Amino acid sequence: MSQEERDAVIVEENTAAQRFETRIGPHLAFAEYRRDGETIIFTHTEVPEEIEGHGVASALARTALEQAQVQHLTVIPQCPFFASYIRRHPHYASLVPSDYHPQLPED
């Protein structure tokens with residue numbers, strides 16, 4: 001997958017399935033969540049092996065976190081990828097409750 005293809009990854013929210021998703025050719029990648037009032041809990045991210053390592057999970061996380069920010073939601077990153085992504089992109093850390101910060105992994 002080229003840089004241009006990575007930049008063209010389109011992520012959409014599927015509220016019925018409670019996940020953000022993108023389709024790359026025949027492959028579906030997604031980030032699952034649960035909503036609890038004004039809190040969004042990211043529970044699992046899955047990217048098919050055929051498209052791993054091309055920034056697809058990062059595109060899912062970035063889009064989901066931007067949406068959470070716009071909606072003023074509190075983020076609980078139970079999914080290890082989301083927790084790691086937030087650690088690497090600290091401008092999203094303000095979405096996470098301060099008492100949850102010690103649970104974010106160090107990279």
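The values are calculated or read from the model by the stated rules, or taken from the named source; none is laboratory data. This one's a predicted model, so the numbers in the text were calculated from it and none came from an experiment. With ideal geometry, Cβ positions are generated from the backbone for all residues, glycine too; neighbour counts draw on all protein chains shown. Areas reflect the complete protein model, heavy atoms only, side chains present, ligands, DNA and RNA absent. Shrake-Rupley method; radii C 1.70, N 1.55, O 1.52, S 1.80 Å.
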Self-check item: Gained length - ASP36 relative to ILE10, 0.36 nm times residue gap less alpha-carbon distance
Solution: 6.8 nm
Quiz item: Across all directions of projection, what mean area in square nanometres is found for the Cα convex hull of the range 38-93?
Solution: 3.6
Self-check item: Cβ-Cβ FRET estimate between HIS89 and GLU46, R0 fixed at 30 Å, reported to 0.05
Solution: 0.90
Self-check item: Å² of accessible area per residue within the range 30-107, as computed with a 1.4 Å probe and no ligands counted
Solution: 53
Exercise. Give me the accessible area of ARG23, 1.4 Å probe, in Å² rounded to the nearest 10.
Key: 150
Exercise. Just flag the GluC sites (Glu not before Pro) in the range 38-94 sitting in loop per DSSP whose Cβ has no more than 15 other Cβ atoms within 10 Å.
Key: GLU38, GLU52
Quiz item: Mind checking the dipole of the range 15-107: about its Cα centre, +1 per Lys or Arg Cβ, -1 per Asp or Glu Cβ, Debye to the nearest 20?
Solution: 200
Quiz item: Helix 56-70: angle to the longest alpha-carbon principal axis of the chain, degrees 0 to 90, nearest 10?
Solution: 40
Practice problem: Express the carbon and sulfur contribution to the solvent-accessible surface of the range 20-103 as a percent, rounded to the nearest whole number, probe 1.4 angstrom. | Solution: 48
Exercise. Starting from the coordinates of the alpha-carbon atoms of the chain, obtain the Kirkwood hydrodynamic radius over all distinct pairs and give the value in Å to one decimal.
Key: 14.0
